[in-house]
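Asker: Dropping the structure in here first, questions after.
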Amino acid sequence: MNNQIDWSKLSKLEKIKHDSNYLRGTLTESLEDPVTGAIAEDDTQISKFHGIYQQHDRDIEKERKRQKLEPAFSFLIRVRLPGGIATPDQWLQMDKLADKYANGTLKLTTRQAFQLHGVIKRNLKTTIQGINEALLDTIAACGDVNRNVMSHANPAESVIHEQVYQLAGELSARLTPQTPAYHEIWLNKQLVVSTKEEIEPVYGRRYLPRKFKIGIAIPPYNDIDVFSQDLGFIAIEENGRLAGYNVTVGGGMGSTFGNPDTYPRLGDVIGFCRPGQVLEVAEKIVLIQKDYGNRQDRKRARLKYTIDTNGLEWFKYELNNRLGYELSPARKFKFIRNGDRYGWKQGPNGKWSLNLFVEGGRVKDTETLPLKTAIREVAGKVDDARFILTGNQNLIIANTQQKEKVARILKKHGVWPASLSGLRKNSIACVALNTCGLAFAEAERYLPDLIGKIETILKEYDLLKEEIVIRMTGCPNGCGRPYLAEIGLIGKSIGHYNLYLGGNKQGTRLNALYRETLTEQEILDTLKPIFADFALNKAKNESFGDFVIRRQYISATEHGRDFRH
Amino acid sequence: MPGEFIELLRPLPPRLYSISSSQEAVGEEVHITVSKVQYTNKGRVRVGACSGYLAETLEADDEVLVYIEKNKNFRLPPNGDPIIMIGAGTGIAPYRAFLQHREATGHKGKSWLFFGERRFSSDFLYQVEWQKYLKKGFLGKIDLAFSRDQETKSYVQHRLSRQQEKLFKWMNDGAYLYLCGDKKKMAVDVEKTLLEIISKQGGMTSEKAKEYLHRLKKEKRYLTEVY
Ligand SMILES: Cc1cc2nc3c(=O)[nH]c(=O)nc-3n(C[C@H](O)[C@H](O)[C@H](O)COP(=O)(O)OP(=O)(O)OC[C@H]3O[C@@H](n4cnc5c(N)ncnc54)[C@H](O)[C@@H]3O)c2cc1C
Ligand code: SF4
């Protein structure tokens, strides 16, 4: 097998994966190496499949070099949470681990996962074991595999939420790597595996060419941005019952500056399947991508390029062939919002859910807002609550009958009710500096300030309440799904951003580049006259993203291929 | 008269610093590794006269009066004999010079470094250089003790103790043993541990162990620079 592969043609990572002995690599040795806080270079690729990214503090990089010290390495640990639901015990455990081994904060990601930041090497194993004690894991939270499966977040918003959430778990389980490496390396467990069976029946030795993302939306809400997923399912509810799912394929956000062969792309709806068919459909699509995805150039390896290279018709044919049946025609659906709807809501089961805003997805204590303490108190005292991470980096305290108690605790700490501008409410920022190695500019640490400055302008035009989706990332990789925002900002270099306009609130339209390499002042100066115009000339219920297209500030991006940076 | 007053004062005694570079590698430069002495006296933070001056006051291109005080014994063995280097804190200085020298002259003799400090993240002196020497094979083994990184404090002597079997074998096989750094605490503890190791691994009484170490000293195979 090995000698049939011409490695010279393939991305370097293909060989690393192949030779890793099903994701073991030399991780055990790397963890024991006392001379460095890093792991071996190849292991930094393998560790991703275990949900672990090596990073270093870029703020102090130069200073350490001067001190003849290696960079201050630490690790990001991403905890998989299909559908984003945690129990109070799980929340408390994550809260504790964040204080004990990480930087004292919890990041809620745009894929409904937890992230711990700043865990140093010698605490990695203990931290993973702590996560495991809470019956959580980090397997396949990153890496060239199916990532955390997203699902519509708010149980109070739909009678079929429970079914959809269950499906997220089933999809996740079906597509989780089967290698015992994780248990061996992190949990010291020797799993007995029969040598006769294929270790990775779905993935094989080299796993997928690139990451793979799945999400399930329940219209009219698109909080998981279904069209940004490699594979999306749109739940179709008929007469209060789940009829099945429309299937979307080929979404993806990532792209690279200066490489027009890369672009964000929205998924195409290719048909409808019944609930019982979903797992099979998903697995076949993963297998098509495994067999046909580009393994030479990682920048062109996502499913979206596989589809654009071979054609959507080819893809459907291939899928039908593998399924042995055709998908039914797609059913009608309508999205109205991709943002979260804050506040209390009583679900069809009579229980209460409160959707909270978490700026930048960062659960921490600040002098003015002890958010982390407040949520910890809720988790400690409200035993029937669930903690649901939303696709917009926010948190829902869900499914509780103790509404008053939750309200009292949050009020005491000043967490809720909160008064927020329509812009801030609809903001997303990726991590970026100082830990993300790909970041060209700030995002999470900076967007709150920038929004404050934009708010001043909005106030001038009486637009503070206007809901406008703003998303900022530190690079075009797109972790914060900036290409779908009404105002997208993508870092080019420290203090400079490209400005993209014209996404919509339904998450069904890519934005387009409006201005390049702007400083903060230039961002404000650019937006101001547009807001002035908007205040004056917006049609009733017209959103900002639609407005800028109607008034021809930019023209809508029809297909990802036409997207330019 | 200020001049007369100054003459009445005792001249500041010189301070010694181990050279942490090899001429073979750095030519006309001399590197030293200075730890700034700092303490509180009657509520005021004081710094060491010389180390404080070097660390805080001195600027690039300033001139300092120096002289060389030779330590004839504390040197690399002439041929590539195995070396065991034990040190804590700035005690690492001469070992950096040793390895610079071995790299510059292309000698890959067996070598083993025991180093102790407080914290891995901030106090692993010359970390990237040891990494390089390990990778290139100029440094064979390294054992590290960072005392503040875990609840129970761990020092170099604990690392020695843990490696005692191998360590004793190296000693018996003719390795040179170096000890550098703090005199009051580290050197005392290390020497005590060395004696324990010799006695346990060599099956000797403590008297015999002392003799063994003494013999190494006489053969100039146990060398110290402690202060
Ligand atoms: C052979 C040899 C090699 C050496 N190599 C090195 C080397 O490589 N690197 C290095 O950094 N040093 C080395 N030293 C030590 C160095 O020579 C100096 O002793 C050291 O730098 C302190 O000098 P100083 O002038 O800064 O401090 P000083 O001002 O001389 O203070 C000296 C000591 O007095 C103590 N002290 C004074 N007053 C008080 C008080 N009120 N309360 C508490 N403590 C007090 C301080 O704790 C301090 O330890 C070496 C010494 C020798 C003998
Ligand atoms: S979008 Fe870019 S900068 Fe932001 S977290 Fe993702 S990779 Fe890092």
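Asker: Would you pick out the residues in the stretch B:36-92 that are away from ligand 1 (no atom under 13 Å from the Cβ) and surrounded by 12 or more Cβ atoms within 10 Å (Cβ to Cβ)?
Answerer: Passing the criteria: B:75, B:76, B:77, B:80, B:81, B:82, B:83, B:84, B:85, B:86.
Asker: Related question: Within the stretch B:201-227, how many residues are within 16 Å of ligand 1 (Cβ to nearest atom), buried (at least 16 other Cβ atoms within 10 Å of the Cβ) and hydroxyl-bearing (Ser, Thr, Tyr)?
Answerer: Of the residues in the stretch B:201-227, 1 are within 16 Å of ligand 1 (Cβ to nearest atom), buried (at least 16 other Cβ atoms within 10 Å of the Cβ) and hydroxyl-bearing (Ser, Thr, Tyr).
Asker: May I pose another question? Kindly indicate whether residue B:143 is more than 12 Å from chain A (Cβ to nearest Cβ), buried (at least 18 other Cβ atoms within 10 Å of the Cβ) and at pLDDT 95 or above.
Answerer: No; evaluated as a whole, the condition is false for this residue.
Asker: Looking at (1) closer than 30 Å to residue A:387 by Cβ; (2) part of a helix (DSSP H, G or I), which one does residue A:334 not meet, given that it meets all the others?
Answerer: Unmet condition: (2).
Asker: Sticking with this one: Between residues in the stretch A:381-403 that are assigned to a helix (DSSP H, G or I) and residues that are among the hydrophobic types (A, V, I, L, M, F, W, C) and at pLDDT below 95, which pairs lie under 7 Å by C-beta distance while being six or more apart or on different chains?
Answerer: That search, which allows pairs on different chains as well, returns nothing.
Asker: Name every residue in the stretch B:146-172 that is at pLDDT below 95 and either more than 13 Å from every other protein chain (Cβ to nearest Cβ) or surrounded by 19 or more Cβ atoms within 10 Å (Cβ to Cβ) (or both), in order of residue number.
Answerer: B:152, B:153
Asker: Also: Just one of A:75, A:114 is aromatic (Phe, Trp, Tyr), within 14 Å of chain B (Cβ to nearest Cβ) and touching a residue at least 12 places away in the same chain (Cβ under 8 Å); which is it? Give the steps one after another, and end with the answer.
Answerer: On the way: A:114 fails: within 14 Å of chain B (Cβ to nearest Cβ).
Just one listed residue meets the conditions, A:75.
Asker: Next question. Within the stretch A:75-95, is even one residue more than 21 Å from the chain's Cα centre (by Cα) and surrounded by 23 or more Cβ atoms within 10 Å (Cβ to Cβ)?
Answerer: Among the residues of the stretch A:75-95, not one is more than 21 Å from the chain's Cα centre (by Cα) and surrounded by 23 or more Cβ atoms within 10 Å (Cβ to Cβ), which makes the answer no.
Asker: Mind listing whichever residues of the stretch A:232-270 are of a type outside the set (Ser, Thr, Tyr), surrounded by 24 or more Cβ atoms within 10 Å (Cβ to Cβ) and in a strand (DSSP E or B)?
Answerer: Hits for the stretch A:232-270 are A:232, A:233, A:234, A:235, A:246, A:247, A:249, A:252, A:265.
Asker: So, one more: Within the stretch B:102-140, track down each residue that is polar (S, T, N, Q), more than 10 Å from chain A (Cβ to nearest Cβ) and touching an Asp or Glu at 6+ places or on another chain (Cβ under 8 Å).
Answerer: The answer is B:105, and nothing else.
Asker: Okay, moving on. Return the total of residues in the stretch A:116-137 being under 19 Å from the mean Cα position of the chain (by Cα) and buried (at least 24 other Cβ atoms within 10 Å of the Cβ).
Answerer: Residues in the stretch A:116-137 being under 19 Å from the mean Cα position of the chain (by Cα) and buried (at least 24 other Cβ atoms within 10 Å of the Cβ): 1 in total.
Asker: On to the next question. So, residue B:193, is that one surrounded by fewer than 17 Cβ atoms within 10 Å (Cβ to Cβ), more than 14 Å from every other protein chain (Cβ to nearest Cβ) and away from ligand 1 (no atom under 16 Å from the Cβ) or not?
Answerer: So residue B:193 fails the test.
Asker: Continuing with the same structure: Give the stretch A:444-483 a look and list any residue that's assigned to a loop (DSSP other than H, G, I, E, B), of a type outside the set (D, E, K, R) and either within 16 Å of ligand 2 (Cβ to nearest atom) or within 27 Å of the chain's Cα centre (by Cα) (or both), or say none.
Answerer: A:446, A:468, A:469, A:474, A:475, A:476, A:477, A:478, A:479, A:480 - these are the residues of the stretch A:444-483 that are assigned to a loop (DSSP other than H, G, I, E, B), of a type outside the set (D, E, K, R) and either within 16 Å of ligand 2 (Cβ to nearest atom) or within 27 Å of the chain's Cα centre (by Cα) (or both).
Asker: Regarding the stretch A:86-98, can at least one residue be identified that is away from chain B (no Cβ under 14 Å), in contact (Cβ under 8 Å) with a residue 12 or more places away in the chain and part of a loop (DSSP other than H, G, I, E, B)?
Answerer: Of all residues in the stretch A:86-98, those away from chain B (no Cβ under 14 Å) come to A:86-98.
Now restrict to residues that are in contact (Cβ under 8 Å) with a residue 12 or more places away in the chain: A:86-98.
Next cut, part of a loop (DSSP other than H, G, I, E, B) only: A:87.
Yes; the residues of the stretch A:86-98 include at least one that is away from chain B (no Cβ under 14 Å), in contact (Cβ under 8 Å) with a residue 12 or more places away in the chain and part of a loop (DSSP other than H, G, I, E, B).
Asker: Tell me, please, whether a residue that is within 14 Å of chain A (Cβ to nearest Cβ), more than 16 Å from ligand 1 (Cβ to nearest atom) and either touching a Cys at 6+ places or on another chain (Cβ under 9 Å) or modelled with pLDDT under 95 (or both) can be found in the stretch B:93-101.
Answerer: No, there is no match, as no residue in the stretch B:93-101 is within 14 Å of chain A (Cβ to nearest Cβ), more than 16 Å from ligand 1 (Cβ to nearest atom) and either touching a Cys at 6+ places or on another chain (Cβ under 9 Å) or modelled with pLDDT under 95 (or both).
Asker: Follow-up question, since we're still on this one. From the residues in the stretch B:112-130 that are farther than 17 Å from residue B:21 by Cα and more than 16 Å from ligand 1 (Cβ to nearest atom), which one is surrounded by the most Cβ atoms within 10 Å (Cβ to Cβ)?
Answerer: Ranking the candidates gives B:114 first.
Asker: Filter the stretch B:76-92 down to residues that are assigned to a helix (DSSP H, G or I) and at negative phi and give me whichever is farthest from the other protein chains (Cβ to nearest Cβ). Steps first, answer last, please.
Answerer: Let us first name the residues in the stretch B:76-92 that are assigned to a helix (DSSP H, G or I), namely B:89-92.
Still in the running and at negative phi: B:90-92.
On the way: B:90: 14, B:91: 16, B:92: 11 Å.
Looking at the filtered set, the residue picked out is B:91.
Asker: On the basis of being within 30 Å of residue A:61 (Cβ to Cβ), within 12 Å of ligand 2 (Cβ to nearest atom) and surrounded by fewer than 18 Cβ atoms within 10 Å (Cβ to Cβ), does residue A:438 make the cut?
Answerer: In short, yes.
Asker: Picking from A:45, A:54, which residue would you name as being within 13 Å of residue A:124 (Cβ to Cβ), modelled with pLDDT of 95 or more, crowded, with 17+ Cβ neighbours inside 10 Å and more than 14 Å from chain B (Cβ to nearest Cβ)? Before the answer, list the steps.
Answerer: Values: A:45 fails: within 13 Å of residue A:124 (Cβ to Cβ).
Checking each option against the conditions leaves just A:54.
Asker: Just for the stretch A:57-72: of the residues that are hydrophobic (A, V, I, L, M, F, W, C) and at the interface with chain B (Cβ under 10 Å from one of its Cβ atoms), which one is nearest to residue A:13 (Cα to Cα)?
Answerer: If we take residues in the stretch A:57-72 being hydrophobic (A, V, I, L, M, F, W, C) and at the interface with chain B (Cβ under 10 Å from one of its Cβ atoms), then A:72 is nearest to residue A:13 (Cα to Cα).
Asker: Checking the conditions here, which among A:463, A:499 is away from ligand 1 (no atom under 16 Å from the Cβ), buried (at least 19 other Cβ atoms within 10 Å of the Cβ) and over 22 Å from residue A:360 (Cβ atoms)? Before the answer, list the steps.
Answerer: Working: A:499 fails: over 22 Å from residue A:360 (Cβ atoms).
Residue meeting the stated conditions: A:463.
Asker: Do we have residue A:399 as on the phi > 0 side of the Ramachandran plot and of a type outside the set (Lys, Arg) here?
Answerer: yes
Asker: Still on this structure, I have one more. Given A:488, A:474, which one is modelled with pLDDT of 95 or more, under 19 Å from residue A:530 (Cα atoms) and either touching a Lys or Arg at 6+ places or on another chain (Cβ under 6 Å) or not aromatic (Phe, Trp, Tyr) (or both)?
Answerer: Values: A:474 fails: under 19 Å from residue A:530 (Cα atoms).
When all the criteria are applied, what remains is A:488.
Okay, residues lined up against (1) within 22 Å of residue A:259 (Cα to Cα); (2) of a type outside the set (S, T, N, Q):
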{"residue": "A:456", "(1), (2)": "no, no"}
{"residue": "A:468", "(1), (2)": "no, yes"}
{"residue": "A:476", "(1), (2)": "yes, yes"}
{"residue": "A:485", "(1), (2)": "yes, yes"}
{"residue": "A:488", "(1), (2)": "yes, yes"}
{"residue": "A:492", "(1), (2)": "yes, yes"}
{"residue": "A:508", "(1), (2)": "no, no"}
{"residue": "A:511", "(1), (2)": "yes, no"}
{"residue": "A:515", "(1), (2)": "yes, yes"}
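Asker: So which residues in the stretch A:315-362 are over 21 Å from residue A:414 (Cβ atoms) and among the small types (Gly, Ala, Ser), if there are any at all?
Answerer: Residues satisfying the conditions are A:324, A:328, A:330, A:339, A:347, A:350.
The values are calculated or read from the model by the stated rules, or taken from the named source; none is laboratory data. Here the structure is a predicted model, which means the values were calculated and not measured. Glycine gets a Cβ as well: all are built from the backbone with ideal geometry, and neighbour counts include every protein chain shown.
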